[in-house]
Structures are given as C-alpha cells and as structure tokens.
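FYI, it's all coordinate maths here, none of it is from the lab. Please read all numbers here as calculations on a predicted model, not as lab measurements. Note that we place each Cβ from the backbone using ideal geometry, even for glycine, and neighbour counts take in every protein chain shown.
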Amino acid sequence: MNPEQIKKDWNTRGYSFRIFKDPPGQVWADFVHKTDELVVLAEGQIEIEIEGESQKPPIGKEVFIPAKAKHTVRNVGKTINAWYYGYKK
C-alpha cells in the first residue's frame, strides 16, 4: 500500500489526504463532519463505528464515512497505529 498512490487517487476523487498516528487506547469519539470522509488503515489495528455500526477494517481497506454521520475511531491494538484520512473538498 503506497500512500502516494492513495493520495493521488483521493485527489482525483476530490478528497484531501492526511495521516494520523495514535497510541494504543486512543479514541476519537462522536465526531460529525459536514462532508464525506475516507479512512484507510496503514498499520496496526483500528475500530471504526459509524452510526452505531462497528467494523475493524484490515490494513488497506477503504472505509467511507458519509457526511453528518456520527462516528468514532479507536486504536484497539497494542501498538501505535497509522491511518490515512481525507475529506471531500
């Protein structure tokens, strides 16, 4: 999984591209954005809850979070994780 390829793909689809690295146990709870968001796990483990539905996507799987959907992202692993995220421009 090449972050530059993901960045380029997202850019052509109208999304920004950024990277988060979170320590074990980090929780980003109950966020709501005015725009669509994409998330891809790069390393470690992650749990994403969107409108009450949880999933633990494998590394490299793109997750779509629709605009105005309440969502939470958790590092459920024992190591630092890294994940890519982007918002619809």
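Which residue is nearest to Asn75 (Cα to Cα), if the candidates are limited to the stretch 39-57 and must be without any contact (Cβ under 8 Å) to a residue 24 or more places away in the chain and crowded, with 16+ Cβ neighbours inside 10 Å?
That would be Pro57.
What is the residue count in the stretch 15-38 for residues that are in a loop (DSSP other than H, G, I, E, B), out of contact with any Gly (no Cβ under 8 Å at 6 or more places or on another chain) and surrounded by 12 or more Cβ atoms within 10 Å (Cβ to Cβ)?
4
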Restricting attention to the stretch 58-89, the residues that are loosely packed, with under 15 Cβ neighbours inside 10 Å and within 11 Å of the chain's Cα centre (by Cα) number exactly 4
Residues of the stretch 58-89 being in a loop (DSSP other than H, G, I, E, B), over 15 Å from Asp22 (Cβ atoms) and without any contact (Cβ under 8 Å) to a residue 60 or more places away in the chain, in sequence order, are Pro58, Gly60, Lys61, Pro66, Ala67, Lys68, Ala69, Lys70
Which residue pairs have Cβ atoms closer than 6 Å, lie 6 or more positions apart in sequence or on different chains, and pair a first residue in the stretch 1-17 that is closer than 20 Å to Gly44 by Cβ with a second residue that is exposed (fewer than 12 other Cβ atoms within 10 Å of the Cβ)?
Met1/Gly60
